[in-house]
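The values are calculated or read from the model by the stated rules, or taken from the named source; none is laboratory data. Treat the numbers as computed from the prediction; the structure is a model and nothing was measured. As a convention, Cβ positions derive from the backbone with ideal geometry for all residues, glycine included, and neighbour counts pool all protein chains shown. Remember, those area values only see protein heavy atoms, side chains included, never the ligands or the DNA or RNA. Shrake-Rupley method; radii C 1.70, N 1.55, O 1.52, S 1.80 Å.
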Amino acid sequence: MEYMKRAIYLAKKGAGYVSTNPMVGAVIVKNNRIIGEGYHKKYGEAHAEINALESCTESPQGAEMYVTLEPCSHYGKTPPCAERIIKEGIKKVYIGSLDTNPKVSGKGAEMLKNAGIEVAIGVMEAECKAINPIFFKYIEKHMPYVVLKAAMTLDGKIATYTGDSKWITGEEARRMVHIMRHELKGIMVGINTVIADDPLLTCRIENGMDPIKIIVDSKLSIPLDANALKGQCIIGAAEGCDMAKKKALEEMGVKTIITHSKDKVDLKELMTRLAEMKIDSILLEGGGTLNYSMLSEELIDKAVFFIAPKIIGGENAKTPVEGQGIRLMDNAIELENTKIKKVGKDHIIYGDVSYVHRNN
């Protein structure tokens, strides 16, 4: 449907700015003409429906609204959108998908119906839900949505045997990674990556949002002058870590999360506690060890592999996923809903991670 497609397009403009809220777009139509449209631009600011109503070129009385997600019915950072829709005299609302947030969860649609507004639910539902996998997981499971990103050569290497990795992919692919850094709330790496590469872990696109840096560092062995400590940074550690280092880090403004585990960071506990800190999504740019550990704990939701048409070989050259590995091919972790895209000279394969065969 033309108008809902437009609403979806508008919603996507909020990527990276609205966390922990969903991306939402709204279009107002009167006499087969768009008279207003809007999207949720920034967390804490007006929602899509309000922006659409404020943009109307004529009275919305008797008009129809297309909105990708059910209008809210509660007071939060902003007043309820459903109340404003009723007040403005909208006669019918087409809703893409219901909001699974318990504070809304059908209440917004019910409020509209009780006011005499005709409501159609499930218009392009699959497409509307597809723009908010982060929001739905965060609301329903209270865990961050995690995207594994890896750049590798055609023969599956992320660096040469000497450790050189600049650059595996081309400029176009690297720009896409920075877009991902903008769109996701946090970026996670392991301590080995920090020590080997001393990365900045910032977003280097115009008007981009820097992700919160999350370092998995069981013993708190990170150098105090590491680039990763600049800006917002959280370090996940294990019990028995260097408490003097913890104090020094906290004096620098770095937050530490000590999980209830002795030798290694309890990754599930870390994810839960990050969610409590309103980190709803994470870009995992780890090395092979951390990537394998996250997969083993079934904490990764989506995988994005950038593949360069290069061959470097080397039996000791690092690969994106290491660890013990999976014993039988029948138990392999698979990607579903896969897509392939060409970017410059490189290719991207991405999809949803499925663990269905792993424990068979």
(Q) Give me the strands (runs of 3 or more DSSP E) completely within the stretch 290-360, filtered to those with at least 3 residues that are in contact (Cβ under 8 Å) with a residue 60 or more places away in the chain and surrounded by 16 or more Cβ atoms within 10 Å (Cβ to Cβ), ordered by residue number. (A) 302-308, 346-354
Q.
All but one of (1) surrounded by fewer than 18 Cβ atoms within 10 Å (Cβ to Cβ); (2) closer than 24 Å to Met143 by Cα; (3) acidic (Asp, Glu) hold for Glu285; state the number of the condition that does not hold.
A. (1)
Q | Filter result (charged (D, E, K, R) and over 15 Å from Ile90 (Cα atoms)) within the stretch 27-55 | A | Lys41, Lys42, Glu45
Q. Can you name the residue in the stretch 259-282 that is crowded, with 21+ Cβ neighbours inside 10 Å and out of contact with any Leu (no Cβ under 7 Å at 6 or more places or on another chain) and is also farthest from His182 (Cα to Cα) among such residues?
A. Val265
Q) Restricting the stretch 201-227 to residues that are buried (at least 19 other Cβ atoms within 10 Å of the Cβ) and of a type in the set (D, E, K, R), which is nearest to Cys241 (Cα to Cα)? A) Asp217
Q | Residue check for Ile312: at pLDDT 95 or above, in contact with a Ser or Thr (Cβ under 6 Å, 6 or more places away or on another chain) and of a type in the set (Val, Ile, Thr) | A | yes
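So, of the residues in the stretch 145-183 that are in a loop (DSSP other than H, G, I, E, B) and of a type in the set (Phe, Trp, Tyr), which turns out to be least open to solvent (accessible area, probe 1.4 Å)?
Start the filter on the stretch 145-183 by keeping residues that are in a loop (DSSP other than H, G, I, E, B), which leaves 154-170.
From what is left, the residues that are of a type in the set (Phe, Trp, Tyr) are 161, 167.
Values: Tyr161: 176, Trp167: 144 Å².
Looking at residues that are in a loop (DSSP other than H, G, I, E, B) and of a type in the set (Phe, Trp, Tyr), I get Trp167.
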Q: Working only within the stretch 229-255, note down all residues that are open to solvent by 20 Å² or more (accessible area, probe 1.4 Å) and under 17 Å from Ile282 (Cβ atoms).
A: Gly231, Gln232, Lys255
Q.
Being over 22 Å from Val104 (Cα atoms), hydroxyl-bearing (Ser, Thr, Tyr) and either open to solvent by less than 20 Å² (accessible area, probe 1.4 Å) or in contact (Cβ under 8 Å) with a residue 40 or more places away in the chain (or both) is the filter here; which residues of the stretch 1-17 pass it?
A. Tyr3
